1. Do we have any residue at all in segment 138-160 that's under 48 Å from the mean Cα position of the chain (by Cα), farther than 30 Å from R185 by Cβ and free of Cβ contacts under 8 Å to residues at least 60 places away in the same chain?
2. Please go through segment 28-47 and pick out each residue that is in contact with a Lys or Arg (Cβ under 8 Å, 6 or more places away or on another chain) and either among the charged types (D, E, K, R) or buried (at least 18 other Cβ atoms within 10 Å of the Cβ) (or both).
3. Can you list residue pairs whose Cβ atoms sit under 6 Å apart, with the first residue in segment 382-407 being at positive phi and the second being at pLDDT 90 or above and assigned to a loop (DSSP other than H, G, I, E, B)? Count only pairs 6 or more apart in sequence or on different chains.
4. L627 fails exactly one of the following numbered conditions: (1) open to solvent by less than 30 Å² (accessible area, probe 1.4 Å); (2) part of a helix (DSSP H, G or I). What is the number of that condition?
5. Across segment 745-771, which residue is nearest to L10 (Cα to Cα) among those that are more than 51 Å from the chain's Cα centre (by Cα) and among the polar types (S, T, N, Q)?
6. Go through E141, E156, E201, E118 for me and flag whichever is open to solvent by 60 Å² or more (accessible area, probe 1.4 Å), of a type in the set (D, E) and closer than 30 Å to Y255 by Cα.
Amino acid sequence: MTVELTPEELRRTFDPKTLGIKTTEQLKPQEGIIGQKRAVAALEFGLHMQKVGYNVYVAGPPGIGKMTAIQSFLGELAKDSGKPVDWLYINNFDDPYQPKALKLPAGRGRQLQQAVKELVEQVRRNLAKAFESEEYGNKREQIVKAVGKQRDTVLEGLGQRAAKAGFDIQATPFGIVMIPVRNGRPLSDAELAALSATVREELQRRREQLQDDMKAAMKEVRKLEKTGQEQLQEMDRQAALYIVEGLMDDLNEQYRDLPEVTAHLKAIQQDMLQNIDTFKASAASPGKAGAPGAEGAAAAIAPWLQELPFRKYQVNVLVDNSQREGRPVVVEINPSYLNLFGRIEKETQFGALYTDFTMIKAGALHRANGGYLVVRVEDLLHNVMSWDNLKCALRSNEIQIEEMGERMGFMATKSLRPQPIPLDVKVVLVGRPLLYYLLHSLDDEFPELFKVKADFDSQMERSDDSVQDFLRFLCTFCKKENLKPLDAEAVAKLLEHGSRLADDQEKLSTHFGNLADVVREAHFWALEDKSRHITAAHIARALKEKIYRSSLIQERIQELIARGTLLITTAGEAVGQVNGLSVIILGDYAFGRPSRITASVGPGREGIIDMERQVELGGPIHSKGVLILGGYLMQKYAQDMPLTLAARLVFEQSYEGVEGDSASSAELYAVLSALAGVPVRQGIGVTGSVNQRGEIQAIGGANHKIEGFFDVCKAKGLTDEQGVMLPRANVRNLMLREDVVEAVRAGKFHVWAVSTVDEGLEVLTGVPAGQRRSNGTYPKDSIHHRVERRLSEFAQCLKEFPEAPAKAAQGRKRKTTHPTKK
């Protein structure tokens, strides 16, 4: 049964009195996820599940506030958890190229770093004092003198034995040599050569005898020097041990509950005692600035050079959670490989690259360890290596910091291999549903690592609870962004706009980004008016101004229609011609526009030919809708005779692609009008898809289509007989503009809802469609009777001229076999 809709059915208004508030400033701000019970349940399950692989993929269309909602949800969830630990990297004294990872309670890492820094400074300062003290100098001098005295005694004995044998012992840069002596004077080479052979042989014999004595004496001297050096080293070690051990005792006492720390402190102590000369060199090189010449250059470099040997004692605090309350929530907006997994930085020293464990920097996974990491999946997939390495980290439950070139298998310079850090994190990926389905089907590891899907809906029920949540969202948003509060009328207007965005009178849109933009713009107009609150007028102006900024193309199309450039008739009647309605989407703006659909019919066997498909302007869904029309005609009229029809359907003045089946009912009305010879009212726009049984099915964009046709009718002049016919299933989707509703209330415009093709025919033609009677015929002069009679005439024509359609088809085939492309 055809129904003309009332103004109340065209827009569901909201009574401000039911809100129970005057302005949103009466409410208390409340964080949380609004209208997403299913998503909240999935998040709570996934984030509390402590098994491997229960990470979460948050799916939903853009602009519904997924990221903001997730951050708010995780922020509340993290507050109830304990503090995470600190992570540090320390020097591995056994293998400096493999730094060790160290885990400490929150806040202890920074304390240890400062304590070790102070320890090194105190050791350097105290050792410098000890080595410069008079007592140390006296002891050192005693040892040196004692060793020197013993050395002189050994050499003096050697000299005496050599003198008895006629030789003198002399020290040269090349060692100790023995020179023959006669009468207390060394012999020159000429004098030695002038000696008789017997004398020279005797000298050689005595030299060989002394050679053994000299080797024994030199060995004794080296032993004395080694003993002296050992005594000096032991003295230095005892002095250093006294200082270092005293300072270490305090630290060991402070960290006795952390065995790994005390073990590292012990390693530091051993290394300090083994490298006392480094501290002595530092104490002997004050690096005074202003020294002239080469000394000045050395002084300029000295501070850096002096600090370099002591870097190995430092503590690199990779992650400091001392100021954090609860588990960390990290949102990585640029999830590159380095930003996720950390990096090993380098610095230039004398033209070469240098690095050590103090230049290891944390990534987002390190900062999120023990908590939650939130990443947009699109950004993650755009970055090379990020996705594969994130999966690897989640599988192995550890974070490995590697050079990017080395990870990719390229040649890399020698670098560090830090010890991997155990990973305990919940990863939350945020993205479109399509990417979830693609990853789930194409990536075998994805289902094992992201077992939980949290679906964010684009709409929620328009219930009392949802309205209260909506109010709290407005209150929180306004206070967070320092906007003026909304009064009750403004809230009601925004709720109506939320239903329009949802395309449903019973629901509200969860595209809070769009709603937030409206509130921001309304705030601007409230400032312009010097209003204390945002009112309904400000909301209406914000919506109107947004449309005005985006509607240039729509106005140009309406102008072409009003001038007659685009042929659209909104008055009178025509056979085989219907105003179909479509939606044009331009970015964030959509509007409806009418298109003239015409049909021509004749006898033939081709059926219904879609001109848009023939020239490849029709999409697959549109082509399917046209093919369905043939099924309807066969089911309706070809039960007792063959369907002998050649029909052509055209979207007139269409120069772009056509997609969708929402015009299939309009196309069918055009064909039936042409067959029946009954004119169609041109003041009615038609939308709706149709199935083979003649049922009118729901379509999208009903509001835009009705408003677009209304604007055209208004531009060409309202006649009180114009309107739009749409599927009955779309009535709940109507949230029309107020000016359209007022025109309907005034009787200047109409909206009809139909369920079947028969109902639509009666609205368009004013002629009964007709129901098949028990004898199989339709009432005389009904639409179906006229169509059936016309098809019968076509069948009779084909009997009389059986070859005509075949020849026509062959001609068309010859013309289109080798088309010319220009």
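The values are calculated or read from the model by the stated rules, or taken from the named source; none is laboratory data. The model shown is predicted, which means the values in this text are computed figures rather than measured ones. Glycine also receives a Cβ, built like all others from the backbone with ideal geometry; neighbour counts cover every protein chain displayed. Ligands, DNA and RNA are stripped out before the accessible areas are found, and what is left, the full protein with its side chains, is counted by its heavy atoms. Shrake-Rupley method; radii C 1.70, N 1.55, O 1.52, S 1.80 Å.
1. no
2. K28, I34, A42, G46, L47
3. N397/L423
4. Going through (1) open to solvent by less than 30 Å² (accessible area, probe 1.4 Å); (2) part of a helix (DSSP H, G or I) one by one, L627 breaks only (1).
5. Going through the qualifying residues, I end up with T765.
6. None of the others qualify; the one that does is E118.
Table: residues versus (1) modelled with pLDDT under 75; (2) in a helix (DSSP H, G or I); (3) small (G, A, S).
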position: V123; (1), (2), (3): no, yes, no
position: L127; (1), (2), (3): no, yes, no
position: A130; (1), (2), (3): no, yes, yes
position: V144; (1), (2), (3): no, yes, no
position: D152; (1), (2), (3): no, yes, no
position: G157; (1), (2), (3): no, yes, yes
position: I176; (1), (2), (3): yes, no, no
position: L192; (1), (2), (3): yes, yes, no
position: Q211; (1), (2), (3): no, yes, no
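Matching residues to (1) under 24 Å from the mean Cα position of the chain (by Cα); (2) part of a helix (DSSP H, G or I):
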position: V428; (1), (2): yes, no
position: E448; (1), (2): yes, yes
position: M460; (1), (2): no, no
position: S466; (1), (2): no, yes
position: C478; (1), (2): no, yes
position: L483; (1), (2): no, no
